[in-house]
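Working notes, structure below.
The values are calculated or read from the model by the stated rules, or taken from the named source; none is laboratory data. Keep in mind the model is a prediction, meaning the values are calculated, not measured. Note: ideal-geometry Cβ built from the backbone for every residue, glycine included; neighbour counts use all protein chains shown. Surface accessibility is based on the protein's heavy atoms, side chains included, excluding ligands, DNA and RNA. Shrake-Rupley method; radii C 1.70, N 1.55, O 1.52, S 1.80 Å.
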Amino acid sequence: MRRPGNRPRQHTAQSVSGCIEQLTDIPEPGAVAYRTDEEHHDANPGFEFPASWHRACVARIAQEVPALPIAYGDQGEHATAAPASRTAKPTAREAR
């Protein structure tokens, strides 16, 4: 699996910090996590990291954003937030 810029740790740190910044600037933040790689890649076509990476990022974000609601991708639009798509997701799209 190819990693963005050959710097997965830097990419992860930037994704997490970017989402934290965005989530702390909105009144009712929320995040979405994905149970499977298939579900994650269906929601984020072309993204190269697995769903487990995404869940780990969401967990790190939740440590910094008090009472962050987290919904699974199959739970629909239960979580709302600011990043580029409908919810806060540390994806390549938001990280760029």
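Just a yes or no: is a residue in the stretch 59-77 outside any helix (DSSP H, G or I), at pLDDT below 70, open to solvent by less than 90 Å² (accessible area, probe 1.4 Å) and out of contact with any Cys (no Cβ under 7 Å at 6 or more places or on another chain)?
Step one: of the stretch 59-77, the residues outside any helix (DSSP H, G or I) are 65-72, 76-77.
Now drop any that are not at pLDDT below 70, which leaves 76-77.
Add one more test, that the residue is open to solvent by less than 90 Å² (accessible area, probe 1.4 Å), and what stays is 76.
Still in the running and out of contact with any Cys (no Cβ under 7 Å at 6 or more places or on another chain): 76.
The answer is yes, given that some residue of the stretch 59-77 is outside any helix (DSSP H, G or I), at pLDDT below 70, open to solvent by less than 90 Å² (accessible area, probe 1.4 Å) and out of contact with any Cys (no Cβ under 7 Å at 6 or more places or on another chain).
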Check your understanding: Looking at the stretch 1-38, which of its residues are within 15 Å of Gly73 (Cα to Cα), surrounded by fewer than 17 Cβ atoms within 10 Å (Cβ to Cβ) and touching a residue at least 24 places away in the same chain (Cβ under 8 Å)?
Key -> Arg35
Exercise for review: Would you check which residues across the stretch 30-58 are in contact with a strand residue (DSSP E or B) (Cβ under 6 Å, 6 or more places away or on another chain) and either in a helix (DSSP H, G or I) or acidic (Asp, Glu) (or both) and list them?
Suggested key: Arg55, Val58
Exercise for review: Could you tell me whether any residue of the stretch 70-78 is in contact with a helix residue (DSSP H, G or I) (Cβ under 6 Å, 6 or more places away or on another chain) and aromatic (Phe, Trp, Tyr)?
Suggested key: no
Review point. Right, Gln10: polar (S, T, N, Q), at pLDDT below 90 and assigned to a helix (DSSP H, G or I) or not?
Key: yes
